[in-house]
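Please treat every number below as a calculation from the coordinates, not as lab data. If you're wondering where the values come from, they're calculated on a predicted model, not measured in any experiment. Note that each Cβ is placed from the backbone with ideal geometry, even for glycine, and that neighbours are counted across all protein chains shown.
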């Protein structure tokens, strides 16, 4: 069973840009209240435990976490599915598609996962930035979908257009564009 520091180390590596993080940064993030030396020892121990726990997955698990004196990283040759990356890829795929039903479907798929990044780390400050980044990207996707539908691209029935703007408002009640457009499309329907 993965201990919390080992589990957090794995999470931190996998959400870091390029799936790599400096040892000093990892110490500061995971062990902020320890001295530099104590944090370094705790990080070394967490790395050893994480590697031992991952080894039950076989050769790929044993190779997953790599480290040297300054960095810890996920081995680049191992294919991993990280939900944050999967959601970002789905959203990018929708954005590069021309407005229409296919793009509408891609946005619906991209927005179907309502989960939060690192839900089991609600108070970890290091998890807040990726969590916020994902939520901003989701809101951008919601707005793009609603704009597309309002412009007659994709699902253009009144219920679909209203639902798209309501979804924008449900996630950001301060969004002026969503509020004013929703009022406009709701009023024409009434």
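If the viscosity is 0.890 mPa s and the temperature 25 °C, what translational diffusion coefficient in µm²/s does Stokes-Einstein give for the range 120-175 when Rh comes from Kirkwood over Cα pairs? This corresponds to a translational diffusion coefficient of 198 µm²/s.
Applying 1/(1 + (r/R0)^6) with r as the Cβ-Cβ distance of residue 166 and residue 116 and R0 = 25 angstrom yields a FRET efficiency of 0.75.
Compared with the dominant Cα axis of the chain, that is its longest principal axis, helix 176-189 is turned about 40°.
Short-range pairs are left out: with C-alpha atoms under 8 Å and at least six residues apart, the relative contact order of the chain is 15 percent. Here the peptides 4-14, 163-173 are ranked by packing, the mean other Cβ count within 10 Å, and the order with the highest first is 4-14, 163-173. Across the range 4-74, the mean sequence separation of Cα contacts (distance under 8 Å, 6 or more residues apart), normalised by length, yields a relative contact order of 39 percent.
In percent, rounded to a whole number, the relative contact order of the range 83-189 is 24, using alpha-carbon pairs under 8 Å and six or more apart. By the count of other C-beta atoms within 10 Å, a proxy for reagent exposure, 56, 82 are ordered fewest to most as 56, 82.
Over the range 83-189, the alpha carbon radius of gyration divided by the compact-protein estimate 2.2 N^0.38 Å works out to 1.12.
Divided by 2.2 N^0.38 Å, where N counts the residues, the Cα radius of gyration of the chain comes to 1.31. Calculated on C-alpha atoms, the gyration radius of the range 4-74 divided by its Kirkwood radius gives an Rg/Rh of 0.95.
Among 77, 61, 115, the residue with the largest mean-square fluctuation in a Gaussian network model of the chain, with springs joining Cα atoms closer than 10 Å, is 77.
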